[in-house]
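The values are calculated or read from the model by the stated rules, or taken from the named source; none is laboratory data. Everything numeric in this text was worked out from a predicted model, so none of it was measured. Here Cβ is always computed from backbone atoms with ideal geometry, including for glycine, and neighbour counts include all displayed protein chains.
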Amino acid sequence: MSFYHEKSRQLHERFKTRALADQLYTTRRHDEFSEWDRDVIRNARMFFLATADEAGRPDCSIKGGDAGFVHIVAENALIFPDYDGNGMFRSIGNILANPYVGMLFVELEGQFRKLRINGIASVDDTSSVTAKLPGAKLVVRVTALDIFPNCSRYLPEESGSITSVFSPREGHTPPEPFWKSKPDLRPFVPTDTANGSVQRATAVED
């Protein structure tokens, strides 16, 4: 299973999460956009983009725009505009050197959904393509390899002034996230990390 590499497996064994990790892969990871995925993407006003250069040195940036600025163009592909920026071109430059990217969509209000996409990116600067996305200097196309939801328990409110109830801190025992109580995952959650009572967070998790 290439989704996990040797070092991940070592941590699975150390923390007794191998069965849970495999169950999450089987039941959550996919390579075509579901309606849930599409809804998150079409409503997104921003996402985080992770790239790396030819030596594997990482970089992360935030891409933003009006809701709908990311367009799904195939069952497993999306495009987004690269707007006028600071001219550093770290993300785009990395993509030209190393096409593997990671995308993280985060909702800081409403359902607080999180969506992760790992894929292969390419850059298009032809006028026929950039003209379709107002303000685009370049257009990035990402073909998804792995699509999967992510637990939202550590997300703060949009204002950032409210601390997530799931954030560990002195004198506070965080509740278990709702996803751990789901019937298809509960049997695989290591017993030493599962509390007896599971409280549901305000966020919707899958």
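Structure data summary
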| item | result |
| --- | --- |
| Exclusive hit being over 17 Å from the mean Cα position of the chain (by Cα), modelled with pLDDT under 95 and either under 26 Å from residue 31 (Cβ atoms) or surrounded by 14 or more Cβ atoms within 10 Å (Cβ to Cβ) (or both), set 134, 168, 175 | 175 |
| Looking only at region 1-21, and only at residues there that are farther than 21 Å from residue 191 by Cβ and not polar (S, T, N, Q), the one that is surrounded by the fewest Cβ atoms within 10 Å (Cβ to Cβ) | 6 |
| Top-ranked residue in region 69-126 [being of a type in the set (Phe, Trp, Tyr) and more than 19 Å from the chain's Cα centre (by Cα); ranked as farthest from residue 149 (Cα to Cα)] | 89 |
| Residues within region 80-125 that are hydroxyl-bearing (Ser, Thr, Tyr), modelled with pLDDT of 95 or more and assigned to a loop (DSSP other than H, G, I, E, B), tallied | 0 |
| First in region 1-12 and touching a residue at least 12 places away in the same chain (Cβ under 8 Å), second anywhere and in a helix (DSSP H, G or I), Cβ under 8 Å, 6 or more apart | 1/22; 1/25; 3/25; 4/12; 4/21; 4/25; 8/21 |
| Conditions (1) of a type in the set (S, T, N, Q); (2) more than 19 Å from residue 182 (Cβ to Cβ); (3) touching a residue at least 40 places away in the same chain (Cβ under 8 Å): number failed by residue 61 | (3) |
| Residue in region 136-148 that is in a loop (DSSP other than H, G, I, E, B), without any contact (Cβ under 8 Å) to a residue 60 or more places away in the chain and farther than 14 Å from residue 50 by Cβ present | yes |
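Conditions (1) exposed (fewer than 13 other Cβ atoms within 10 Å of the Cβ); (2) part of a helix (DSSP H, G or I); (3) at pLDDT below 95, marked per residue:
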site	(1), (2), (3)
23	no, yes, no
26	yes, yes, no
33	no, no, no
41	no, yes, no
